[in-house]
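The structure appears below as C-alpha coordinates.
The values are calculated or read from the model by the stated rules, or taken from the named source; none is laboratory data. Just so we're clear, the structure is a prediction, and the values are computed from it rather than from any experiment. Note that we place each Cβ from the backbone using ideal geometry, even for glycine, and neighbour counts take in every protein chain shown.
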(Lines give C-alpha, C1' and ligand atoms only; values in the text may rest on other atoms or scores of the structure.)
Protein backbone atom coordinates (compact mmCIF):
# COMPACT_ATOMS: atom_id res chain seq x y z
CA UNK A 1 0.00 0.00 0.00
CA UNK A 2 2.22 2.75 -1.28
CA UNK A 3 -0.56 5.32 -0.76
CA UNK A 4 -0.47 4.61 2.96
CA UNK A 5 3.27 5.28 3.11
CA UNK A 6 3.02 8.53 1.16
CA UNK A 7 0.18 9.67 3.41
CA UNK A 8 2.26 8.82 6.48
CA UNK A 9 5.03 10.97 5.04
CA UNK A 10 2.60 13.84 4.47
CA UNK A 11 1.24 13.52 8.01
CA UNK A 12 4.76 13.49 9.45
CA UNK A 13 5.76 16.50 7.33
CA UNK A 14 2.82 18.44 8.77
CA UNK A 15 4.40 17.83 12.21
CA UNK A 16 1.12 17.45 14.13
CA UNK A 17 3.03 16.12 17.14
CA UNK A 18 4.39 19.67 17.52
CA UNK A 19 0.86 20.62 18.57
CA UNK A 20 0.45 18.54 21.76
CA UNK A 21 -2.06 20.91 23.33
CA UNK A 22 -4.06 20.87 20.13
CA UNK A 23 -4.30 17.10 19.79
CA UNK A 24 -1.40 16.57 17.42
CA UNK A 25 0.35 14.01 19.59
CA UNK A 26 -2.80 11.94 20.20
CA UNK A 27 -3.79 12.08 16.55
CA UNK A 28 -0.30 11.09 15.42
CA UNK A 29 -0.62 7.95 17.51
CA UNK A 30 -4.06 7.22 16.06
CA UNK A 31 -2.71 7.86 12.56
CA UNK A 32 0.15 5.41 13.01
CA UNK A 33 -2.01 2.64 14.49
CA UNK A 34 -5.35 3.06 12.69
CA UNK A 35 -4.75 4.65 9.28
CA UNK A 36 -4.80 1.39 7.32
CA UNK A 37 -7.95 0.15 9.07
CA UNK A 38 -9.70 3.47 8.52
CA UNK A 39 -8.85 3.40 4.81
CA UNK A 40 -10.23 -0.15 4.53
CA UNK A 41 -13.40 0.97 6.33
CA UNK A 42 -13.84 3.96 4.03
CA UNK A 43 -13.15 1.80 0.95
CA UNK A 44 -16.14 -0.36 1.83
CA UNK A 45 -18.34 2.72 1.79
CA UNK A 46 -16.97 4.74 -1.13
CA UNK A 47 -15.68 1.97 -3.42
CA UNK A 48 -12.20 3.20 -4.36
CA UNK A 49 -8.93 3.26 -2.46
CA UNK A 50 -8.10 6.79 -3.64
CA UNK A 51 -11.40 8.22 -2.49
CA UNK A 52 -11.13 6.32 0.79
CA UNK A 53 -7.69 7.79 1.44
CA UNK A 54 -9.07 11.27 0.75
CA UNK A 55 -11.87 10.68 3.23
CA UNK A 56 -9.49 9.48 5.95
CA UNK A 57 -7.10 12.38 5.39
CA UNK A 58 -10.00 14.81 5.61
CA UNK A 59 -11.21 13.12 8.81
CA UNK A 60 -7.79 13.59 10.43
CA UNK A 61 -7.54 17.19 9.26
CA UNK A 62 -11.01 18.03 10.54
CA UNK A 63 -10.36 16.28 13.84
CA UNK A 64 -7.13 18.20 14.34
CA UNK A 65 -8.90 21.48 13.50
CA UNK A 66 -11.71 20.72 15.98
CA UNK A 67 -9.61 19.12 18.71
CA UNK A 68 -10.51 21.78 21.28
CA UNK A 69 -14.18 20.71 20.97
CA UNK A 70 -13.52 16.97 21.39
CA UNK A 71 -15.08 15.90 24.69
CA UNK A 72 -13.31 12.59 25.27
CA UNK A 73 -9.73 13.30 24.29
CA UNK A 74 -8.67 9.86 25.56
CA UNK A 75 -10.60 8.15 22.76
CA UNK A 76 -9.38 9.92 19.64
CA UNK A 77 -9.71 6.71 17.62
CA UNK A 78 -13.48 6.62 18.05
CA UNK A 79 -13.76 10.30 17.17
CA UNK A 80 -11.74 9.89 13.95
CA UNK A 81 -13.61 6.69 13.02
CA UNK A 82 -16.92 8.53 13.44
CA UNK A 83 -15.59 11.37 11.28
CA UNK A 84 -14.69 8.84 8.56
CA UNK A 85 -18.17 7.29 8.68
CA UNK A 86 -19.81 10.73 8.54
CA UNK A 87 -17.67 11.86 5.62
CA UNK A 88 -18.42 8.63 3.71
CA UNK A 89 -22.10 9.08 4.42
CA UNK A 90 -21.92 12.62 3.01
CA UNK A 91 -20.19 11.44 -0.15
CA UNK A 92 -22.82 8.75 -0.67
CA UNK A 93 -25.61 11.31 -0.19
CA UNK A 94 -24.02 13.51 -2.85
CA UNK A 95 -23.81 10.50 -5.20
CA UNK A 96 -27.51 9.79 -4.76
CA UNK A 97 -28.29 13.42 -5.52
CA UNK A 98 -26.18 13.31 -8.66
CA UNK A 99 -27.94 10.13 -9.77
CA UNK A 100 -31.34 11.73 -9.17
CA UNK A 101 -30.31 14.63 -11.35
CA UNK A 102 -29.27 12.08 -14.00
CA UNK A 103 -25.76 13.40 -14.23
CA UNK A 104 -23.15 10.82 -15.09
CA UNK A 105 -20.13 10.78 -12.82
CA UNK A 106 -17.25 8.58 -14.04
CA UNK A 107 -16.24 5.87 -11.61
CA UNK A 108 -19.26 6.22 -9.31
CA UNK A 109 -21.42 3.39 -10.61
CA UNK A 110 -20.28 -0.13 -9.84
CA UNK A 111 -20.86 -2.20 -12.95
CA UNK A 112 -22.47 -5.60 -12.71
CA UNK A 113 -20.13 -6.79 -15.47
CA UNK A 114 -17.15 -6.23 -13.21
CA UNK A 115 -18.73 -8.43 -10.53
CA UNK A 116 -19.41 -11.21 -13.03
CA UNK A 117 -15.86 -11.05 -14.45
CA UNK A 118 -14.20 -11.06 -11.06
CA UNK A 119 -14.39 -14.58 -9.65
CA UNK A 120 -12.82 -13.61 -6.35
CA UNK A 121 -15.25 -14.30 -3.51
CA UNK A 122 -14.06 -11.35 -1.45
CA UNK A 123 -14.80 -8.96 -4.27
CA UNK A 124 -18.27 -10.45 -4.75
CA UNK A 125 -18.99 -9.92 -1.06
CA UNK A 126 -17.72 -6.33 -1.18
CA UNK A 127 -19.88 -5.66 -4.22
CA UNK A 128 -22.92 -7.12 -2.49
CA UNK A 129 -22.24 -4.98 0.58
CA UNK A 130 -22.02 -1.88 -1.63
CA UNK A 131 -25.51 -2.59 -2.98
CA UNK A 132 -27.03 -2.58 0.48
CA UNK A 133 -28.95 0.47 1.65
CA UNK A 134 -26.61 2.87 3.42
CA UNK A 135 -27.72 2.11 7.00
CA UNK A 136 -27.41 -1.65 6.46
CA UNK A 137 -24.00 -1.15 4.83
CA UNK A 138 -22.82 0.91 7.78
CA UNK A 139 -24.02 -1.68 10.31
CA UNK A 140 -22.51 -4.65 8.45
CA UNK A 141 -19.20 -2.87 7.95
CA UNK A 142 -18.83 -1.66 11.50
CA UNK A 143 -20.12 -4.83 13.20
CA UNK A 144 -18.77 -7.67 11.09
CA UNK A 145 -15.81 -6.23 9.24
CA UNK A 146 -14.45 -4.06 12.06
CA UNK A 147 -15.70 -6.32 14.85
CA UNK A 148 -17.45 -3.56 16.78
CA UNK A 149 -20.17 -4.60 19.25
CA UNK A 150 -23.79 -3.67 18.53
CA UNK A 151 -23.79 -1.02 21.27
CA UNK A 152 -20.75 0.74 19.79
CA UNK A 153 -22.20 0.58 16.28
CA UNK A 154 -25.40 2.13 17.62
CA UNK A 155 -23.44 4.90 19.32
CA UNK A 156 -21.33 5.61 16.23
CA UNK A 157 -24.40 5.82 13.99
CA UNK A 158 -26.57 7.64 16.51
CA UNK A 159 -29.32 4.99 16.54
CA UNK A 160 -30.66 2.45 19.04
CA UNK A 161 -29.27 -1.06 19.57
CA UNK A 162 -32.56 -2.44 18.21
CA UNK A 163 -32.15 -0.48 14.98
CA UNK A 164 -28.66 -1.90 14.52
CA UNK A 165 -29.89 -5.46 15.16
CA UNK A 166 -32.74 -5.01 12.67
CA UNK A 167 -30.38 -3.58 10.06
CA UNK A 168 -27.94 -6.44 10.58
CA UNK A 169 -30.69 -9.03 10.20
CA UNK A 170 -32.04 -7.45 7.02
CA UNK A 171 -28.55 -6.98 5.59
CA UNK A 172 -27.63 -10.62 6.21
CA UNK A 173 -30.79 -11.75 4.41
CA UNK A 174 -30.13 -9.44 1.49
CA UNK A 175 -26.50 -10.46 1.21
CA UNK A 176 -27.44 -14.16 1.27
CA UNK A 177 -29.93 -13.59 -1.57
CA UNK A 178 -27.53 -11.50 -3.64
CA UNK A 179 -24.64 -13.94 -3.26
CA UNK A 180 -26.88 -16.90 -3.99
CA UNK A 181 -28.06 -15.23 -7.21
CA UNK A 182 -24.45 -14.71 -8.29
CA UNK A 183 -23.49 -18.36 -7.77
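Scan the helices (runs of 4 or more DSSP H) fully inside the stretch 1-93 and keep the ones with 3 or more residues being within 22 Å of residue 123 (Cβ to Cβ) and at pLDDT below 80.
In the stretch 1-93, the matching helices (runs of 4 or more DSSP H) lie at 2-13.
Hey, among the residues in the stretch 143-177 that are assigned to a loop (DSSP other than H, G, I, E, B) and either in the same structural domain as residue 82 (by TED's automatic domain parsing) or out of contact with any helix residue (DSSP H, G or I) (no Cβ under 7 Å at 6 or more places or on another chain) (or both), which one's farthest from residue 36 (Cα to Cα)?
Looking at residues that are assigned to a loop (DSSP other than H, G, I, E, B) and either in the same structural domain as residue 82 (by TED's automatic domain parsing) or out of contact with any helix residue (DSSP H, G or I) (no Cβ under 7 Å at 6 or more places or on another chain) (or both), I get 159.
Can you report the number of residues in the stretch 131-141 which are without any contact (Cβ under 8 Å) to a residue 60 or more places away in the chain and either assigned by TED's automatic domain parsing to the domain that holds residue 43 or assigned to a helix (DSSP H, G or I) (or both)?
Counting residues in the stretch 131-141 that are without any contact (Cβ under 8 Å) to a residue 60 or more places away in the chain and either assigned by TED's automatic domain parsing to the domain that holds residue 43 or assigned to a helix (DSSP H, G or I) (or both) gives 5.
Being in contact with a helix residue (DSSP H, G or I) (Cβ under 6 Å, 6 or more places away or on another chain) and either part of a helix (DSSP H, G or I) or modelled with pLDDT under 85 (or both) is the requirement here; does residue 128 meet it?
yes
May I ask you to say which residue of 162, 107 is at pLDDT 60 or above and loosely packed, with under 11 Cβ neighbours inside 10 Å?
162
Please count how many residues of the stretch 142-169 are under 24 Å from residue 124 (Cβ atoms) and more than 20 Å from the chain's Cα centre (by Cα).
1
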